[in-house]
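Below is one structure, written out as structure tokens; comments come after it.
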Amino acid sequence: MDFQTQKLYSSKFNKKRLNQEQVRLLERSFSANKKLEPELKLHLANQLGVPPRQVAIWYQNKRARWKTQSLELDYSTLQVKLENALSEKRRLEKDVKCLQDELRKAQEMMFAMNNQRDYHQFHHQQQQNQQPLNFVSCNSTGSSEEGGSSSFHEDHEVLQIDELYACLIGADRSTWN
């Protein structure tokens, strides 16, 4: 065995394990300084009674564990944020679906009420004029297919917001205002 190899083996086997007090001192030092400067390394080595290389290795290992813990903590935090965001997204999707259903129902109610009101207005006009009922069907563009004029679009009145709201909640409009 040559001198270098003997020195390597002897230093490896002569390395002392740090006691709890030494570890506490290194932990406090690491809390204050994550990076080990040469002056600090020598100061800690003298204070602990260990070789500077042992202090450097301890710092290197501690920094690696600290980075791993930081990454795990960051990952956990991001995972919680992702779960919260997904939960909020699902809640908002349910809200959107509910609001779309309410809007569809309101539109159906408005259409039915307008048709019923327009039918009664049309029927009432026909009775006043003593003319037989002539129904005019309208295509999707609103133009008459039979060539006659449609009173549906001419006399069509838009429901007021309070009327619509009353229809939606089933309240009696006469109790309003």
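Observations on the model:
- When segment 1-22 is limited to residues that are part of a loop (DSSP other than H, G, I, E, B) and closer than 15 Å to residue 57 by Cα, the one that is modelled with the lowest pLDDT turns out to be 15.
- Of the numbered criteria (1) modelled with pLDDT of 90 or more; (2) over 28 Å from the mean Cα position of the chain (by Cα); (3) farther than 20 Å from residue 17 by Cα, the one residue 92 fails is (2).
- Residue 25 being in a loop (DSSP other than H, G, I, E, B) and surrounded by 14 or more Cβ atoms within 10 Å (Cβ to Cβ): no
The values are calculated or read from the model by the stated rules, or taken from the named source; none is laboratory data. Bear in mind the structure is a predicted one, so any value in this text is a computation, not a measurement. Positions of Cβ are backbone-derived with ideal geometry, glycine not excepted, and every protein chain shown enters the neighbour counts.
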